[in-house]
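The values are calculated or read from the model by the stated rules, or taken from the named source; none is laboratory data. Not measured: the values here are computed from a predicted model. Ideal geometry is used to build each Cβ from the backbone, glycine not excepted, and the neighbour counts take in all protein chains shown.
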Amino acid sequence: MRAFPRELTDVEREFLYWLLPLEKEGYTKFNEFVQKAIVLGEGRWGEGDLMLGPKPASIDMTLGMEPIVAYGECVLNGKLMTISVHDLNADDQLEAQFGIYPLPDDPQVELGWCYSYWKPGDTSPSTGEEVREIALNRKDKQPASVLVISKSQKSMWLHHPDGMNKLMPVTGLNDDLLRTHGIREFEQVSNPGQFFTSIDDFSDTDIRKAFAEYAKRSGRNFGTGDIRI
């Protein structure tokens, strides 16, 4: 077991660089952060949950987990591994979670994919199947973000003009989509998973309207601006 704080291993660093491509504006600051970061210790999930920072510091376990800014999967030495990176927290620390840990010194990687490289017009990064793209046009006429829904992957993410792809939870949008259409059937309201089976029943305008309601109701800043319905 390595003592903390410590330097990132070359293998850890390369996986994080893959997830946080320097050439994509939305990920640049995270890539540059990793370049200078050390491992402070483990987060609340223990082994494989690494807390990174620019210099030795304590880890505040009472802070909530930040939203995921990058996620990917690959087959590592014959086993499926997930990797996720969370946004910087209030203490300027980055949380990175490796599904296999410790990482081998001689990694053999195959079948890797992540959301970070997706761009409009692409298929699902995991399944290669078509996705639905809904432009969230802004009233201020600034470049629009795109809401992406993958039925085959059962996931949803926001593609921002700076190239960042942020995973989105389904529950909140599903609730507002059903509420704005007066749908109260228990099996639909209580089962967010049906979102992907019924999403084709709703128009792009329906979804934009529900997204705007969700953002307003939750008070969350998704970086989409004031959406033009």
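Somewhere in segment 206-214, is a residue under 18 Å from the mean Cα position of the chain (by Cα), farther than 25 Å from E66 by Cβ and either outside any helix (DSSP H, G or I) or not acidic (D, E) (or both)?
no
Could you tell me which residue of segment 122-140 is farthest from F211 (Cα to Cα), considering only residues that are in contact (Cβ under 8 Å) with a residue 12 or more places away in the chain and β-branched (V, I, T)?
Per the stated criteria, the residue is T127.
Based on what the data block shows, is Q142 assigned to a loop (DSSP other than H, G, I, E, B), of a type in the set (S, T, N, Q), farther than 30 Å from E110 by Cα and outside the structural domain of E25 (by TED's automatic domain parsing)?
Spelling it out, Q142 is indeed assigned to a loop (DSSP other than H, G, I, E, B), of a type in the set (S, T, N, Q), farther than 30 Å from E110 by Cα and outside the structural domain of E25 (by TED's automatic domain parsing).
Given the criteria at pLDDT 95 or above, surrounded by fewer than 18 Cβ atoms within 10 Å (Cβ to Cβ) and either farther than 19 Å from G223 by Cα or touching a Ser or Thr at 6+ places or on another chain (Cβ under 9 Å) (or both), does D162 qualify?
In short, yes.
Which condition number in (1) modelled with pLDDT under 95; (2) outside any loop (DSSP other than H, G, I, E, B) is the one that P107 fails?
Going through the list (1) modelled with pLDDT under 95; (2) outside any loop (DSSP other than H, G, I, E, B), P107 breaks only (2).
Checking the condition touching a residue at least 60 places away in the same chain (Cβ under 8 Å), in a strand (DSSP E or B) and crowded, with 16+ Cβ neighbours inside 10 Å, which residue from V39, V85 passes?
V85
If only one of G64, G72 is touching a residue at least 40 places away in the same chain (Cβ under 8 Å) and not aliphatic (A, V, I, L, M), which one is it?
G72
Taking the residues in segment 72-82 that are surrounded by fewer than 18 Cβ atoms within 10 Å (Cβ to Cβ) and either in contact with a Pro (Cβ under 8 Å, 6 or more places away or on another chain) or among the β-branched types (V, I, T) (or both) as candidates, determine which candidate is farthest from G99 (Cα to Cα).
Filtering segment 72-82 for residues that are surrounded by fewer than 18 Cβ atoms within 10 Å (Cβ to Cβ) and either in contact with a Pro (Cβ under 8 Å, 6 or more places away or on another chain) or among the β-branched types (V, I, T) (or both), the one farthest from G99 (Cα to Cα) comes out as N77.
Select from segment 193-228 the residues that are among the β-branched types (V, I, T) and assigned by TED's automatic domain parsing to the domain that holds G182 and write down the one among them that is farthest from D176 (Cα to Cα).
T197
State all residues of segment 90-132 that are more than 30 Å from I207 (Cβ to Cβ), among the charged types (D, E, K, R) and surrounded by fewer than 18 Cβ atoms within 10 Å (Cβ to Cβ); if no residue qualifies, say none.
Scanning segment 90-132 gives D91, D92, D105, D106, E110.
Return the residues of segment 53-71 that are buried (at least 20 other Cβ atoms within 10 Å of the Cβ) and in contact with a helix residue (DSSP H, G or I) (Cβ under 7 Å, 6 or more places away or on another chain); say none if nothing qualifies. Outline the logic, then answer.
Of the residues in segment 53-71, the ones buried (at least 20 other Cβ atoms within 10 Å of the Cβ) are 53, 69-71.
Selection gives V69, A70, Y71.
Return the total of residues in segment 12-23 being surrounded by fewer than 17 Cβ atoms within 10 Å (Cβ to Cβ) and either in contact with a helix residue (DSSP H, G or I) (Cβ under 8 Å, 6 or more places away or on another chain) or in contact (Cβ under 8 Å) with a residue 12 or more places away in the chain (or both).
Going through segment 12-23 one residue at a time, the tally reaches 3.
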